[in-house]
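Accompanying notes for the structure given below.
The values are calculated or read from the model by the stated rules, or taken from the named source; none is laboratory data. The shown structure was predicted, so the numbers you read here are calculated from the model rather than taken from an experiment. As a convention, Cβ positions derive from the backbone with ideal geometry for all residues, glycine included, and neighbour counts pool all protein chains shown.
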Amino acid sequence: MSAPQNAIKNAMVLAAGKGTRMGAISDTTPKPLVRVAGVPLLDRILAHLWKVGCEKIVVNVHHLADQIESHLAPLVAEGHVAISDERDALLETGGGVKKALPMLGRDPIYVINSDALWVDGTGGTLTRLAQVFDPKRMDVLLLLVPTAEALGYHGAGDFIPDGDPSGPTPIRFRGSAASAPVMFGGIQLVNPALYDDMPEGRWSNVEIFRKAEKAGRLFGLLHTGHWMHVGTPEAIKAAEDKLASLRLG
C-alpha cells in the first residue's frame, strides 16, 4: 500500500512500563505483548503504523525487556524496528522519548502508548492526525476520545477544547474543573524540538503537553472510530467483547 503524501515517517511506541495494573499477568508477560483476541497489543500498533507508511519505528524496553526484544527480533533484523534500551533505568514517557530522539530525527513523530487499542473511523486515525498537523500553529497534536465513550478508562477526562475538536482545536488541561469532555487517547504527533531543553532522565510527557499549552500550541483532534484502553485484566475482556461486537479480531 502506498503511503499518504503527507505521511509521518517516524514513530515511537512506549513499551517500557511495568504494567502494574495488569496484576499477575505482568509478572510473566510485558503489557505490550498482552494478547487481545489473540493479537499482541504491540503488533496491532505496528500494523497501524506500517499501514500509513512509517519507515522507522522505535520501541523502548525495560520491564521483561528480553521478551519484547525476542518478539521484535525479526523486525529489528529487517530494519523495520529499532530498540531503545531502558533496562538500566525506566525513564517514563518523556525521558523515554528524549533518549530515543537520536534515532527518530527532527521531523514530527508519532508517539503511541502501548496500551491503546483503536479501530479506525473514516479516514484512518493516524492519517487524520497527519493531515491536520500544522507545524506553523502546533507543537503537539493529541488524539482525543470522548470521556464518556472511552472503554477501559475510568477517569474524569483530561482536556477542555477551546473549539470544535473535530477541527482540530486548541485544548487546555482540565485543571480545577471536576471533569472534562475528552481524554487523551494515547496517540500524539509531536515536534521533537520540544525536547531539546528538557532534562535527561525520568519524567513524563505531560511536561511537554504543558509546555505546548503555555505557548498556545497544544491541539487536539477527536477520534472518529472506536477506542479502548487495555490496562487491566478486566479491560482485556471488555476490549475482546467490543471487537467481537464489531466483528473484528
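The table that follows gives values for the structure above.
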| item | result |
| --- | --- |
| Matching residues, the range 53-70, being farther than 24 Å from GLY94 by Cβ and in contact with a Pro (Cβ under 7 Å, 6 or more places away or on another chain) | GLY53, GLN67 |
| Identity of the residue in the range 22-41, among the β-branched types (Val, Ile, Thr) and out of contact with any helix residue (DSSP H, G or I) (no Cβ under 8 Å at 6 or more places or on another chain), that ends up farthest from HIS71 (Cα to Cα) | THR28 |
| Breaking point among (1) within 17 Å of the chain's Cα centre (by Cα); (2) surrounded by fewer than 21 Cβ atoms within 10 Å (Cβ to Cβ), for MET12 | (2) |
| Sole exception among (1) of a type in the set (A, V, I, L, M, F, W, C); (2) in a strand (DSSP E or B); (3) closer than 30 Å to SER245 by Cα for ALA47, by number | (2) |
| All positions within the range 238-249 that are assigned to a loop (DSSP other than H, G, I, E, B) and touching a residue at least 40 places away in the same chain (Cβ under 8 Å) | LEU246, LEU248, GLY249 |
| Test set (1) assigned to a helix (DSSP H, G or I); (2) in contact with a strand residue (DSSP E or B) (Cβ under 7 Å, 6 or more places away or on another chain) - VAL111 fails condition number | (1) |
| Selection count where residues are in a helix (DSSP H, G or I) and either without any contact (Cβ under 8 Å) to a residue 24 or more places away in the chain or surrounded by fewer than 17 Cβ atoms within 10 Å (Cβ to Cβ) (or both), scope the range 208-237 | 5 |
| Selected residue (only one of VAL119, VAL111 is crowded, with 23+ Cβ neighbours inside 10 Å and either among the aliphatic types (A, V, I, L, M) or modelled with pLDDT under 95 (or both)) | VAL111 |
| Restricting the range 50-83 to residues that are farther than 16 Å from ILE8 by Cα and acidic (Asp, Glu), the residue that is farthest from the chain's Cα centre (by Cα) | GLU78 |
| Close pairs (9 angstrom Cβ cut-off, 6 or more residues apart or separate chains): under 21 Å from THR20 (Cα atoms) and of a type in the set (Asp, Glu) in the range 80-100, buried (at least 16 other Cβ atoms within 10 Å of the Cβ) and modelled with pLDDT under 95 anywhere | GLU92/GLY17 |
| Subset of the range 114-142 (residues that are free of Cβ contacts under 8 Å to residues at least 40 places away in the same chain and assigned to a helix (DSSP H, G or I)) | none |
| Enumeration of residues in the range 125-148 that are within 30 Å of PRO233 (Cα to Cα) and over 18 Å from the mean Cα position of the chain (by Cα) | ALA148 |
| Of all residues making up the range 64-81, the number that are out of contact with any Leu (no Cβ under 9 Å at 6 or more places or on another chain) and either within 23 Å of GLU200 (Cα to Cα) or assigned to a helix (DSSP H, G or I) (or both) | 8 |
